[in-house]
DNA sequence: ATGGTTGCTTAGCAA
């Protein structure tokens, strides 16, 4: 099974690229973030014609997440499903081919110390609670998305400069690590050790041609899936050309060993 | 300490 995640930064602007990318990569599942579209505005017909079912949690102007799949999306759940009255559409999950898939758009956090920063840290804490209440670390589960946090120094072009910002601040890294401590592994790091592999580059300052990026888009997997990770790649070609998203897709290839039950 | 760019919505916000 080929499982991918991509912050498209407006699904309507990116639709031609999205359709080309689906055709070229043929993923079984694609998690999308930053739709910047309501469910009504989402190009559902075009995506269906490309052969994908859609689970949607849209919002006007900002945020919005989705899961596209070749095959049935079951038990769809929207939001963090806790007590807080949160209008921001940042999480959706569904079961696909026996795998629980979550598409998450973690808050950026604005400036360290700001109200948005505290919302980001709280949101990650709430995500951990959501995992604890809704799922089990021994089930096949993939938590995918734009986490707006680079886990380690090797995931950042200039760690010293970035550690004072929301994307690589020690507190943000600790909050993400606490989510992973529930029972998740960074699937990309099962396949690659080297530094300098990024998934996001600022639109400004020629960040992409200079490869001044960060690896903030991730696929986290539970133990049953960790055993069957065959490959992980960042499609940095997708960041090139006219009207790219500022994020590149991340693609994980899984064999179906998790589906094999002992006799 | 700003600025640089993109997208949504229409001058300002969010990233």
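Values in this text are rule-based calculations from the coordinates and carry no lab data. Predicted model only: the values in this text are computed from it and were never measured. Counting neighbours? That spans all protein chains shown, and the Cβs are built from the backbone with ideal geometry, glycine included.
Across the range A:83-223, C-alpha contacts under 8 Å between residues 6 or more apart give a mean separation that, scaled by the residue count, equals a relative contact order of 27 percent. Decide, for chain A, between rounded, prolate and oblate: order the square roots of the alpha carbon gyration tensor eigenvalues as a ≥ b ≥ c, take rounded if a/c falls under 1.5, and otherwise choose prolate if a/b is larger than b/c, else oblate. The shape class here is rounded. For the range A:183-263, the gyration tensor built on C-alpha atoms gives a prolate shape. Its axis ratio a/c (a ≥ b ≥ c) is at least 1.5, and a/b is the larger of a/b and b/c.
Relative contact order for chain A: 19 percent, from Cα pairs under 8 Å spaced at least 6 residues apart, divided by residue count.
Shape class of the range A:108-228 from the alpha-carbon gyration tensor: oblate, with a/c at 1.5 or above and b/c at least as large as a/b.
Below 8 Å, C-alpha to C-alpha, sequence gap of six or more: please give me the relative contact order for the range A:213-263 in percent. If you can, show how the numbers build up before the last one.
Details: 51 pairs, mean separation 20.8, N = 51.
Result for the range A:213-263 is 41 percent.
For a modelled paramagnetic label at residue A:223, 7 Å from Cα along Cα-to-Cβ, the residues of the range A:170-211 in reach, with backbone nitrogen under 11 Å, are A:183-184.
Okay, helix-only estimate at 222 nm for chain A: each DSSP H run of n ≥ 4 adds -39500 (n - 2.57), divide by all residues, round to 500 deg cm²/dmol; what do you get?
Details: 7 runs with 61 residues, N = 263.
Rounded to the nearest 500, the figure is -6500 deg cm²/dmol.
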